[in-house]
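The next block holds one structure in the form of structure tokens; read it before the comments.
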Amino acid sequence: VTDTVGFIRRLPHGLVEAFKATLEEALVADFLIHVRDITTPNLAAHHATTLGVLKEHLHTRGAAGLFDVSHMGQAELSGPDVAKAFEALVPGDVTGLAPGQVRYTLLTTPEGGIIDDLMVSRPAGRSGANTLFLVVNAACKDRDFDHIAARLGEQFTLTRHEDAALLA
């Protein structure tokens, strides 16, 4: 926001008011506009594009949206009493997950420090309670999966799904 605000201060007065109004509308809608190209020759086209993004944001917040998040780290974790074992790595209740339920939680160090956030689910339609499905942040997936495998040991199997699609 500071870059955008600094940019607004350098605009001619009429444009300052127009940008302030646009930013205020966006912020009221809980949406942050990133002004990337401050030298856009066709300001009207840039303004229309910005309002298009805002319209899309408001539709998604008010109705529904579909996002491709296939880049996220996906893995299946299996082994005896896997939910109980995984609870040693996260503060969330994993043993209480019913098939098809998902929990947002944090991956922690042995001292309780936060490594990353992740989602854990008990897959629906699976027989047996010894499988969990994990989704971690893309940028941290190697570190997160290495940490999980090291902490849980060889009695658990972590199977990464690098080529699986994922929609949110």
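For the stretch 46-149, what is the accessible area per residue in Å², given a 1.4 Å probe and the full set of protein chains?
Numbers: 5600 Å² over 104 residues.
About 54 Å² of surface per residue is accessible.
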Q. Measuring from label point to label point, each 7 Å out along Cα→Cβ, what is the I114 to V53 span in nm?
A. 2.6 nm
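Report the full-extension gain for the segment A124 to A63: residue separation times 0.36 nm, less the Cα-Cα distance, to one decimal in nm.
Numbers: separation 61, 0.36 × 61 = 21.96 nm, distance 2.56 nm.
Residue separation times 0.36 nm, minus the Cα-Cα distance, leaves 19.4 nm.
The values are calculated or read from the model by the stated rules, or taken from the named source; none is laboratory data. Note that the coordinates shown come from a computational prediction; the quantities given were computed from them, not determined experimentally. Glycine gets a Cβ as well: all are built from the backbone with ideal geometry, and neighbour counts include every protein chain shown. Protein only, heavy atoms only, side chains kept; ligands, DNA and RNA dropped before computing areas. Shrake-Rupley method; radii C 1.70, N 1.55, O 1.52, S 1.80 Å.
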